[in-house]
Amino acid sequence: MASSIKISPSILSCDFSKIGKEVEALEKAGADYIHVDVMDGHFVPNLTIGPDVIKNIRPCSRKVFDVHLMISPVDNYIQQFAEAGADIITFHPEATKSIKKTIDLIKKYKKKVGISLKPKSGISLIKDYLSQIDLVLVMSVEPGFAGQKFMPEVLPKLKELKDIIKRNNLSIDLEIDGGINFENSKIAKDAGANVLVSGSTIFKQNNGDLKKNIDLLRQN
Ligand code: DX5
Ligand code: ZN
């Protein structure tokens, strides 16, 4: 696992009237990844963006596109997201009949594989697959909306995952997503997260000073 902290701003909180410019600005401001939240109004009660939008913003940045799929069933869309330019494709275990099949499908397109755990989803759901994946995304809010309050009760799960990763010498990024701000970024890192997703903090704090907000999340 990478030792340095990576920041993955979620474009869910950007100004969608200039989404391409926002992605360019995030790269300039020092983002490591670009986090794209894909929601289907079925797996989660919200609708966001699909593969065509990703395809259109792909030329705006060379950064890693960290695509978080909150759609079910997920397999039918993996090819489209891969071809649109996703680099990491993260899915929820509840959104597929076969976790193994979904992992293999993402790998078929030579993309990195992430699995996301909702706040109440346990590690047991994914522990048999850890050696086959590149990233675990721990949700610290119920998936569906930006701007929700961080749930500290997921921190023990993060710690346990970190221990498993260390003990087994696995090369897995541990990402945390939901309600991350300048106060809780430190406890998330201390619990083992090395990738922090943030939407509202990055786009709304300090009058939307993206660089300042990314730097603060990285340092705090
Ligand atoms: C929630 C999404 C998150 C969220 C992040 O379902 O997966 O990526 O939009 O936004 P903030 O940082 O505002 O919680
Ligand atoms: Zn997300």
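The values are calculated or read from the model by the stated rules, or taken from the named source; none is laboratory data. Computed from a predicted model, the values in this text were never measured in an experiment. Note that we place each Cβ from the backbone using ideal geometry, even for glycine, and neighbour counts take in every protein chain shown. For accessibility, only protein heavy atoms count, side chains too; no ligands or nucleic acids. Shrake-Rupley method; radii C 1.70, N 1.55, O 1.52, S 1.80 Å.
The 3J(HN,Hα) values that the Karplus relation (6.51, -1.76, 1.60; θ = phi - 60°) gives for the range 33-42 are, in residue order, 10, 10, 8, 10, 8, 10, 10, 10, x, 9 Hz. Gly and Pro appear as x.
Stokes-Einstein diffusion of the range 89-220 at 4 °C, 1.567 mPa s viscosity, Kirkwood radius from Cα pairs, rounded to a whole number: 85 µm²/s.
Of the chain, which part is the longest with no trypsin sites (Lys or Arg not before Pro) in a loop (DSSP not H, G, I, E, B) and with at most 12 other C-beta atoms within 10 angstrom? Show your work: numbers first, answer last.
Working: sites that count: Arg62, Lys97, Lys110, Lys120, Lys149.
By the stated rule (loop sites, at most 12 other Cβ atoms within 10 Å), 150-220.
Only the Cβ atoms of Lys and Arg (+1) and of Asp and Glu (-1) were treated as charged; on that basis the dipole of the chain about its Cα centre amounts to roughly 420 debye. Converting phi to 3J(HN,Hα) with the Karplus coefficients 6.51, -1.76 and 1.60 and the offset θ = phi - 60°, the range 67-79 yields 9, 9, 8, 10, 9, 8, x, 7, 4, 4, 10, 4, 4 Hz in sequence order, with x at every glycine or proline.
Which value, in Å², gives the accessible area per residue of the range 6-219 when a 1.4 Å probe is used on the protein heavy atoms?
Values: 9600 Å² over 214 residues.
Heavy-atom SASA per residue in the range 6-219 reads 45 Å².
Of the heavy-atom accessible surface of the chain (probe 1.4 angstrom), what whole percent is carbon and sulfur? Write down the numbers at each step before the final one.
Working: 4900 of 9990 Å².
Accessible surface attributable to carbon and sulfur in the chain totals 49 percent.
Backbone phi angles across the range 92-102, fed through the Karplus curve with coefficients 6.51, -1.76 and 1.60 (θ = phi - 60°), yield HN-Hα couplings of 9, x, 6, 9, 9, 7, 9, 4, 4, 5, 5 Hz in residue order; Gly and Pro are listed as x. Charge tally for Ile11 (other residues, Cβ to Cβ under 9 Å; Lys, Arg +1; Asp, Glu -1): -2. Mean-square fluctuations from a GNM of the chain, with a 10 angstrom spring cutoff on Cα atoms, peak among Leu161, Leu210, Leu170 at Leu170. In this structure, Lys211 and Lys97 have a Cβ-Cβ separation that, at R0 = 35 Å, corresponds to a calculated FRET efficiency of about 0.20. Loop-resident GluC sites (Glu not before Pro) (DSSP state other than H, G, I, E or B) in the range 156-193 with no more than 11 further Cβ atoms inside 10 Å of their Cβ: Glu183.
With K and R counted +1 and D and E -1, the other residues having a Cβ less than 12 Å from that of Pro119 yield a net charge of +1.
Would you mind counting up the charge near Leu170? Only other residues with Cβ under 12 Å from its Cβ, with Lys and Arg at +1 and Asp and Glu at -1. Walk me through the numbers before you get to the answer.
Working: positive: Lys127, Lys162, Lys166, Arg167; negative: Asp134, Asp163, Asp173.
Local charge sum for Leu170: +1.
Can you pull out the chymotrypsin sites (Phe, Trp or Tyr not before Pro) in the range 77-132 whose DSSP state is coil and whose Cβ has at most 14 other Cβ atoms within 10 Å? If you can, show how the numbers build up before the last one.
On the way: sites: Tyr77, Phe81, Phe91, Tyr109, Tyr129; in loops: Tyr109.
Sparse-neighbourhood loop chymotrypsin sites (Phe, Trp or Tyr not before Pro): Tyr109.
Taking amide H atoms as placed 1.01 Å from N in the peptide plane, the amide H of Lys6 lies under 5 Å from those of Val195, Leu196, each 5 or more residues away in sequence or on another chain.
Label positions at Glu153 and Asp87, each projected 7 Å from the Cα along the C-beta direction, are separated by 3.5 nm. One decimal place: the segment Leu130-Asn169 gains 12.9 nm when fully extended, by the rule 0.36 nm per residue minus the C-alpha distance. The alpha carbon convex hull volume per residue for the chain rounds to 108 Å³.
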